[in-house]
Amino acid sequence: MPERDVIIVGAGFTGLVAASQLADAGLDVLLLEARSRVGGKVESTVLTNGRRVDTGGQFFCRDMPQLMALIEAHGTMPMMSYADGDTVFRPPVSPAEGLALWHRVDALREQMIATDPHDPELAGLTVAAWIARQDIPANVAQGFLRLVKGLWCRSPEEISFAYLASNDRRITNTHWELEMFLAETMHWLAERIAANLDHRLRLDARVTHVDHSPGGVTVGVEQELFSARRLILALPPTISRRLSFSPALSDALGRALAAWGAGNAIKVHVTYARPFWRVDALNGSVMWQEPQGLYACDASHGDHAGLVVFIGGPLADDWHRKSNGELRTFILGLLVDAFGPEAGQPQEVHIRDWVADPWSGGAYSDVIVELDAADAEDVLNHGAPPVYFASSELSPSFPGYIEGAIVAGKQVAARVFSDVRQGVATPWQE
Ligand SMILES: Cc1cc2nc3c(=O)[nH]c(=O)nc-3n(C[C@H](O)[C@H](O)[C@H](O)COP(=O)(O)OP(=O)(O)OC[C@H]3O[C@@H](n4cnc5c(N)ncnc54)[C@H](O)[C@@H]3O)c2cc1C
């Protein structure tokens with residue numbers, strides 16, 4: 001007899017939420033996490049000014065209902081990101097011109113969302129190939145490619161167009177996605193969820209292999225074995241495919257896991273003595289048309305003044321190969337160009353490189369780079385019970401976001417609960 005009802009591998013938001021739902025519903029669960037902390041792609045550090053900041057997932061907006069509800073349930077309130085004043089555009093254009101270009105790029109995004117992903121004309125197309133087919137000015141095409149590199153963090157020459165159109169259709173916010181953050185950090189929220197799991201969570205537990213049969217699963221963590229009736233792999237697809245399965249997964253599942261590539265992102269916190277850009281009526285945001293894949297915004301709160309700089313896609317991959325000293329010089333040079341000499345006098349520059357992260361693969365999420373794998377998400381969501389796959393990437397809403405991870409965790413928990421309890425309705429609200 002298996003020792004437990006359910007084992008969950010991975011204590012990112014997907015795994016934390018799935019484990020909490022199932023534990024609260026009375027199932028005997030064990031959550032195994034490779035790192036010595038919870039949160040996965042949500043993590044934090046304490047800066048030299050004593051302020052704790054998120055070095056991974058951080059921002060959200062009011063259009064993300066599951067995350068908003070979770071924050072409220074844990075008794076805290078979101079902080080509003082600073083948004084008064086103008087955004088700086090590089091190369092320099094007036095705020096009006098910059099916004100006009102942004103609206104044209106956004107209209108192209110709407111056009112992408114409106115395409116039929118099953119249209120045979122679009123099969124096997126990359127995002128770059130789709131853009132090349134559009135009759136649009138060069139600056140709009142470049143603006144769109146910049147957006148793709150910055151948000152999906154891979155080259156548009158690699159990403160499947162059908163995937164991107166389907167993925168973006170599920171990112172439904174109408175408010176700015178960086179609208180809010182938590183003063184305590186998002187990582188604090190992950191720790192709060194984990195605290196309720198108590199002894200059902202094991203850190204430093206690196207799962208390497210999975211034996212499965214219709215009767216249940218056994219997973220191996222170094223020399224230790226754990227068994228359960230069901231197994232949830234709450235891991236990004238590029239991480240799930242590293243595990244060894246016995247018997248081997250079906251060809252369809254193997255192909256579905258192989259279809260993904262990890263994103264590349266580096267997140268930089270630059271701390272200052274004061275938010276000096278506000279004096280010039282600037283909101284702290286910078287949109288760089290060149291180099292592509294760069295974005296900065298104000299992340300100050302309380303007595304902490306700072307900017308966050310995101311580096312995504314091929315640019316992050318390049319900087320991953322160079323030293324932090326060189327990256328610091330590069331970032332400060334860009335900020336001085338955008339905001340003037342005071343930007344070159346930071347109190348601290350903190351760099352978190354997520355490229356090829358050993359346990360999350362990369363950032364902000366995996367994306368589909370196999371052009372003929374339109375069914376990869378469906379195949380993984382179907383899984384191979386007693387083995388189930390779940391992660392933010394596979395979410396029906398906000399894939400690649402913390403909201404998506406929560407939705408994916410709830411969805412897989414509902415399915416596993418009803419499989420274990422044979423059709424008994426879930427005791428929580430969907
Ligand atoms: C720099 C950065 C900035 C981001 N910014 C935002 C943002 O502002 N807003 C937003 O909504 N989203 C943001 N995201 C994305 C968001 O953080 C992720 O979509 C979400 O956290 C993914 O959660 P997950 O549980 O699906 O996966 P993960 O967080 O990757 O969790 C997987 C877990 O599995 C563990 N694991 C891996 N292998 C094993 C193994 N063999 N055995 C046991 N455990 C294992 C990992 O350690 C990890 O804890 C950002 C991500 C990054 C990296």
For the stretch 94-169, size of Cβ-based charge dipole, Lys and Arg +1, Asp and Glu -1, in debye: 240
With 5 Å bins from 0: P(r) over the stretch 78-215, alpha-carbon pairs, percent: 2, 7, 12, 14, 13, 11, 12, 10, 9, 6, 3, 1, 0
Lys/Arg +1, Asp/Glu -1 at C-beta; the chain dipole; positive extreme among Q223, V308, N283: Q223
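Only four residue types carry charge here, +1 at the Cβ of Lys and Arg and -1 at the Cβ of Asp and Glu. Report the dipole size of the chain about the Cα centre in Debye, rounded to the nearest 20.
Details: 35 positive and 53 negative charges, 138 e Å.
The dipole of the chain has a size of about 660 debye.
At 0.36 nm per residue, and after removing the present C-alpha to C-alpha distance, how many nm does the segment from E3 to E157 gain when stretched out fully? Numbers along the way, then the final one.
Numbers: separation 154, 0.36 × 154 = 55.44 nm, distance 4.73 nm.
Full extension of this stretch gives 50.7 nm more.
Compute the FRET efficiency between S213 and S36 as 1/(1 + (r/R0)^6), taking r as their Cβ-Cβ distance and R0 = 41 Å, and round to the nearest 0.05. Write down the numbers at each step before the final one.
On the way: r = 32 Å, r/R0 = 0.78.
Efficiency at R0 = 41 Å is approximately 0.80.
For the stretch 1-59, which GluC sites (Glu not before Pro) are in a loop by DSSP, counting at most 14 other Cβ atoms within 10 Å? Intermediate results must be reported in sequence, preceding the final value.
Details: sites: E3, E33, E43; in loops: E3, E33, E43.
Sparse-neighbourhood loop GluC sites (Glu not before Pro): E3.
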Loop-resident sites, the stretch 340-429, for chymotrypsin sites (Phe, Trp or Tyr not before Pro), counting at most 14 other Cβ within 10 Å (DSSP): W428
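Counting Lys +1, Arg +1, Asp -1, Glu -1, what net charge surrounds H320 among other residues with beta carbon under 15 Å of its beta carbon? Numbers along the way, then the final one.
Details: positive: K149, R154, K267, R321, K322, R328, R352; negative: D317, D318, E326, D353, D357.
After counting each charged neighbour, the total is +2.
Over the chain, what is the percentage of antiparallel beta bridges among all DSSP beta bridges, to the nearest 5?
Details: 44 of 66 bridges.
Among the beta bridges of the chain, antiparallel pairing accounts for roughly 65 percent.
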Label zone at E348, where the point sits 7 Å out along the Cα-to-Cβ direction: the stretch 176-192 residues whose backbone N lies under 17 Å: 183-188
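Over the stretch 94-169, give the accessible area per residue in Å² for a 1.4 Å probe, as an integer.
Spelled out: the 1.4 Å probe surface of the stretch 94-169, per residue, equals 46 Å².
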Label-to-label distance, nm, for residues given as A96 and D337 (7 Å Cα→Cβ offset): 2.6
Carbon plus sulfur fraction of accessible area for the chain, probe 1.4 Å, in percent: 52
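When only C-alpha pairs under 8 Å and at least 6 residues apart count, what is the relative contact order of the chain, in percent? List each step's numbers first, then the result.
Values: 887 pairs, mean separation 108.4, N = 430.
Once normalised by length, the contact order is 25 percent.
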Anchor K410: lysines whose Cα lies under 25 Å away (excluding residues fewer than 8 positions away in-chain): K41
R0 of 25 Å, Cβ-Cβ distance A258-D204: FRET efficiency to nearest 0.05: 0.30
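Please compute one quarter of the surface area of the Cα convex hull for the chain and express it in square nanometres.
Working: hull surface 82.9 nm².
Computed as one quarter of the Cα hull surface, the answer is 20.7 nm².
Hey, what's the Cα Rg ratio for the stretch 94-169 versus the globular rule of thumb, 2.2 N^0.38 Å? It would help to have the intermediate numbers written out before the result.
On the way: Rg = 12.2 Å, N = 76, 2.2 N^0.38 = 11.4 Å.
The reported ratio for this selection is 1.07.
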Percentage, to the nearest whole number, of Cα pairs in the stretch 15-70 over 17 Å apart: 58
Helix 402-420 axis, angle to the chain major axis (alpha carbon atoms, nearest 10°): 10
The stretch 13-80 and the stretch 227-252: distance between their alpha carbon centers, rounded to Å: 24
Debye equation applied to the C-alpha atoms of the stretch 301-394, log10 I(q)/I(0) at 0.25 Å⁻¹: -1.36
Base-10 log of normalised Debye intensity for the stretch 33-106 (one unit scatterer per alpha-carbon) at q = 0.17, 0.18, 0.22 Å⁻¹: -0.96, -1.00, -1.10
Net charge of neighbours whose Cβ lies under 13 Å from the Cβ of G85, counting Lys and Arg as +1 and Asp and Glu as -1: -3
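Can you tell me the relative contact order of the stretch 249-391? Whole percent, Cα pairs under 8 Å, sequence separation 6 or more. Show your work: numbers first, answer last.
Values: 224 pairs, mean separation 53.1, N = 143.
Relative CO of the stretch 249-391 lands at 37 percent.
The values are calculated or read from the model by the stated rules, or taken from the named source; none is laboratory data. Computed from a predicted structure; not experimentally measured. Neighbour counts run over all protein chains shown; Cβ positions are idealised from the backbone, glycine included. Surface areas here come from the heavy atoms of the whole protein model, side chains and all, with no ligands, DNA or RNA. Shrake-Rupley method; radii C 1.70, N 1.55, O 1.52, S 1.80 Å.
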